Structure formats: structure tokens, C-alpha cells
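Asker: Take a look at this one; I'll ask things after.
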Amino acid sequence: MIFAEPRLCDVSVGTGMLKNGDGHYRKTYRDLTGLYADAPAFDQILARQADEVAYEVTSYTPGAKTSDMIMGVTRMEPGRVGREYYLTRGHIHANGDRPEVYYTLAGRGIMQMESPDGEVRLIEMGPQQICYVPPFWIHRSVNIGTGDLVMFFSYPADSGQDYGIIERSGGMRVRIMEDGRGGWVAEDNPAWTNRSTEEVTAILKNAGAAV
């Protein structure tokens, strides 16, 4: 039997990069069009920095099986669109019963989570704190700090991502906004609509979970 070779990857907290990996992608501000509530404020950002990097991910993928753990680092710029803090697109795993682990290396952020049937969980994270995202939770990262949010992550390699689940519901149920005192507050998203019983059932059935 041929066994997989171990892999050592270095992390640069200063640049927010995983070195010696094999994957790297960037999302520009233009790529995030339509995610924020304050469209005029976002248009002003686009006019200044449409093609600048809003966040980027470097990663290592050892294989494609459930037992192969993808690992990587994501780095997100600080800032707000109007009152709304910068965020990632967010997703649910295409194989919904796959979990994910996030470890904050630098900065302050929120792991924003939402169950398929609309339950909300918000976990504030700082350096050297770990968040376990259980199976079936939609999740995104929000940078509530004044510097880069740098996070290590790991998840099963066959998890996949479904980004459309957020768009189909008009966004996530709450938005993370500046509270006027330098902190944050979760405010209801009036554009949000709950998912149908059929969609929730399909997510569970696809993963072989009991309905």
C-alpha cells in the first residue's frame, strides 16, 4: 500500500498567507457586488477600488476523499460599507453534513452562522480562538476589527460549497452593523426570506440525514 506523504505548510500571519500550499484565489470588491445593504455606499467603493482584493484564500488540498482534510488561511481587509462590516460571500457545504474549523490568527471577527431553517448563531472571535462550525450550518466571516482578519480553516476535502443558498434567500437573516459606539450589532435583514420545506429537506436528504 502506498501511503500519502506528510506535508508541512508555513503560515505568514503578517501577509495572511499559507505558504507551500497549492491553491490561491482572490475576491475583489467588484466580485462582492450585491452582497451589501447600502448600494450607494458600495458604488463609492467600486469607483475607488473595484479591482482591489477584498479577501483572499490560500490553501492545501491533499486529496478528494472525506478523510482528506483541506487546510488554508483566509485574509480579509477591514472596513465597512456604510454601517455594514466587510464580509465574505459565505456558503453551506454542498455535502451538508461536513463540518469546518476556524482558528483566528489575527484580528477580530464574527463567524456568522445560519441553519437551513433560519436559526442564527453569531460567534465573536479574537486571536487564538477556535470556532467549530457544525454540519449543515451556512457560514460566513465578518471583519469587525481595524486590521486584517486572518483565520486558519480546515474541512473535509469532499465538502464542496453552495454559495447560492444565501443569494436565494435574499442574503443572511441578519446583517452585522456598526453600532455607533465602535462595536457591532446584528440587525434584521428585511430582504431575507426563509427557505422552503422542500429546500431544507433536499439539503438533509442529499447528505443522507434523517428528515
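Asker: State which residue is surrounded by the most Cβ atoms within 10 Å (Cβ to Cβ) when the search covers only region 36-61 and only residues that are in a loop (DSSP other than H, G, I, E, B) and of a type outside the set (S, T, N, Q). Outline the logic, then answer.
Answerer: Residues of region 36-61 in a loop (DSSP other than H, G, I, E, B): 36-38, 50-52, 61.
Now drop any that are not of a type outside the set (S, T, N, Q), which leaves 36-38, 50-52.
Details: Tyr36: 19, Ala37: 17, Asp38: 16, Ala50: 13, Asp51: 10, Glu52: 12.
Ranking the candidates gives Tyr36 first.
Asker: In addition: List every residue pair whose Cβ atoms lie under 8 Å apart, where the two residues are 6 or more positions apart in sequence or sit on different chains, the first residue falls within region 187-211 and is surrounded by 14 or more Cβ atoms within 10 Å (Cβ to Cβ), and the second residue, located anywhere, is of a type in the set (Lys, Arg) and assigned to a strand (DSSP E or B).
Answerer: Glu187/Arg175; Asn189/Arg175
Asker: Please work out which one of (1) closer than 24 Å to Asp68 by Cβ; (2) under 20 Å from the mean Cα position of the chain (by Cα); (3) surrounded by 13 or more Cβ atoms within 10 Å (Cβ to Cβ) is the condition Tyr29 fails and give its number.
Answerer: (1)
Asker: Also: Could you check how many residues of region 76-95 are among the small types (Gly, Ala, Ser) and within 17 Å of Thr58 (Cα to Cα)? Walk me through it before giving the result.
Answerer: The first filter runs over region 76-95 and keeps only residues among the small types (Gly, Ala, Ser), leaving 79, 82, 90, 94.
From the residues that got through so far, the ones that are within 17 Å of Thr58 (Cα to Cα) too are 90.
Final tally of qualifying residues: 1.
Asker: Next question. With the structure loaded, tell me whether Thr58 is in contact with a His (Cβ under 7 Å, 6 or more places away or on another chain), hydroxyl-bearing (Ser, Thr, Tyr) and modelled with pLDDT of 95 or more or whether it fails that test.
Answerer: Working: in contact with a His (Cβ under 7 Å, 6 or more places away or on another chain): yes; hydroxyl-bearing (Ser, Thr, Tyr): yes; modelled with pLDDT of 95 or more: yes.
Spelling it out, Thr58 is indeed in contact with a His (Cβ under 7 Å, 6 or more places away or on another chain), hydroxyl-bearing (Ser, Thr, Tyr) and modelled with pLDDT of 95 or more.
Asker: Among the residues of region 91-104, which ones are buried (at least 18 other Cβ atoms within 10 Å of the Cβ) and either more than 21 Å from Pro156 (Cα to Cα) or in contact with a Leu (Cβ under 9 Å, 6 or more places away or on another chain) (or both)?
Answerer: Gly96, Thr104
Asker: What residue, among those in region 1-18 that are in a loop (DSSP other than H, G, I, E, B), of a type outside the set (Gly, Ala, Ser) and in contact (Cβ under 8 Å) with a residue 24 or more places away in the chain, is surrounded by the fewest Cβ atoms within 10 Å (Cβ to Cβ)?
Answerer: Our first condition is that a residue be in a loop (DSSP other than H, G, I, E, B); within region 1-18, this holds for 1-10, 13-16.
Then drop every residue that is not of a type outside the set (Gly, Ala, Ser), which leaves 1-3, 5-10, 13, 15.
Pick out the ones that are also in contact (Cβ under 8 Å) with a residue 24 or more places away in the chain and you get 7, 9, 13, 15.
Details: Arg7: 11, Cys9: 15, Val13: 15, Thr15: 14.
For region 1-18, the residue satisfying everything is Arg7.
Asker: Something else: When Arg181 is evaluated against the numbered criteria (1) part of a strand (DSSP E or B); (2) without any contact (Cβ under 8 Å) to a residue 40 or more places away in the chain, which criterion, by number, is the only one it fails?
Answerer: Unmet for Arg181, out of (1) part of a strand (DSSP E or B); (2) without any contact (Cβ under 8 Å) to a residue 40 or more places away in the chain: (1).
Asker: To continue, here is another question. I need every pair where a residue in region 25-44 that is in contact (Cβ under 8 Å) with a residue 60 or more places away in the chain and within 18 Å of Ile176 (Cα to Cα) has its Cβ under 9 Å from the Cβ of a residue that is in a strand (DSSP E or B) and among the basic types (Lys, Arg), sequence separation at least 6 or different chains.
Answerer: These pairs meet every condition: Ala37/Arg175.
The values are calculated or read from the model by the stated rules, or taken from the named source; none is laboratory data. Keep in mind it's a predicted model, so treat the numbers as computed, not measured. Positions of Cβ are generated from backbone atoms using ideal geometry, with glycine treated the same way; all protein chains shown enter the neighbour counts.
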